[in-house]
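Below is one structure, written out as structure tokens, with a few remarks after it.
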Amino acid sequence: MSSLRINAKPLQELAIVDDPALQQALADLRDNEKLFDAGSLIVPFVVEEGTWRAIGMTEKGQRVVIEYDTDTGLEIRGAT
């Protein structure tokens, strides 16, 4: 597990997480880790095609793709 601070301005919230195990892990992390408060946005990445990915939502309800790759770093790509 690792964390980093980013400009979350393009993100209003995460897309709905369907995986019950991931939902529980997020709840446990928020309950047990003192670094996160109610305003913290926790982005759970999942490996897809060799890249860590998550889906977020803008304040206008548009989807954004959040990716992390060791070569390119963190990217937040516009509404899809």
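Within segment 35-60, being under 12 Å from Ala15 (Cβ atoms), open to solvent by less than 50 Å² (accessible area, probe 1.4 Å) and either in a strand (DSSP E or B) or of a type in the set (Gly, Ala, Ser) (or both) holds for Ala54, Gly56, Met57. Of all residues in segment 1-23, how many are more than 17 Å from Gly61 (Cα to Cα) and either open to solvent by 100 Å² or more (accessible area, probe 1.4 Å) or modelled with pLDDT under 80 (or both)? So the answer is 8.
Evaluating Asn32 against the criteria (1) free of Cβ contacts under 8 Å to residues at least 60 places away in the same chain; (2) surrounded by 10 or more Cβ atoms within 10 Å (Cβ to Cβ); (3) not basic (Lys, Arg) leaves one unmet condition, (2).
The values are calculated or read from the model by the stated rules, or taken from the named source; none is laboratory data. Being a predicted model, the structure only gives us computed values, none of them experimental. Please note: Cβ atoms are built from the backbone with ideal geometry, for glycine as well, and neighbour counts cover all protein chains shown. Note: areas computed on protein heavy atoms with side chains; ligands, DNA, RNA excluded. Shrake-Rupley method; radii C 1.70, N 1.55, O 1.52, S 1.80 Å.
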